[in-house]
Amino acid sequence: MATTEILLAGFGGQGILFAGKILAYCGLMDNKELSWLPSYGPEMRGGTCNCSVCISDAPIGSPLVLTPDILIAMNQPSFDKFVKDVRPGGKVFFDNTLIESTSDRTDIEFFGIPSQQLADDNELKGGSNIILLGKVIKETGIFTLDTMKKGIEKVVPPSKAHLIANNFKAIELGMNN
């Protein structure tokens, strides 16, 4: 792997920055160079939000992701805004519970899973983002399940340590869908 550029996008409150931070820590655990750059509107929760993550074997020149290899979209506006920017040969992961349309692009792969529905059905409130990460690691092999679990353990604050098991369950749901 030379450099993988990932863009996560959705509404504030969907865990975009949290999921990006998990990917960044996974890069650290695998001894990679990385950058994590959050971006959110003034509305915060409920406003638009995205996060650029670069993971590389070499130093990273810019933390800004303009043409992602991987797009993780959690709402329709984000999907519509960023799908056109995905690099040819890239992959798009999206919550098809909330995103109805797809793109006419044939030079990228699409992976839609009902992550919000899966989270609701399995009593994993707020777990849709982590379910999508499980699908990403299954389809890209960017990290192992073990590395992803270590990343989750690192990012979840001690005051919410009781949620680590739910995050593990969410990763495995994504990998199995």
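The values are calculated or read from the model by the stated rules, or taken from the named source; none is laboratory data. Just so it is clear, the model here is predicted, and its values are computed rather than measured. Positions of Cβ are generated from backbone atoms using ideal geometry, with glycine treated the same way; all protein chains shown enter the neighbour counts. Note: accessible area is taken over every heavy atom of the protein model, side chains too, but ligands, DNA and RNA are not part of it. Shrake-Rupley method; radii C 1.70, N 1.55, O 1.52, S 1.80 Å.
Side notes on the structure shown:
- Residues of segment 139-163 that turn out to be open to solvent by less than 30 Å² (accessible area, probe 1.4 Å), under 17 Å from GLY126 (Cα atoms) and in a helix (DSSP H, G or I), as a count: 2
- Among the candidates VAL136, VAL92, VAL83, the residue that is within 17 Å of the chain's Cα centre (by Cα), within 20 Å of THR48 (Cβ to Cβ), β-branched (Val, Ile, Thr) and in a helix (DSSP H, G or I) is uniquely VAL83.
- Check on LEU7, open to solvent by less than 70 Å² (accessible area, probe 1.4 Å) and among the aliphatic types (A, V, I, L, M): yes
- Number of the condition not met by LYS125 [criteria: (1) part of a helix (DSSP H, G or I); (2) touching a helix residue (DSSP H, G or I) at 6+ places or on another chain (Cβ under 8 Å)]: (1)
- Summed over segment 125-177, the residues that are under 21 Å from PRO114 (Cα atoms), aliphatic (A, V, I, L, M) and in contact (Cβ under 8 Å) with a residue 60 or more places away in the chain give a count of 5.
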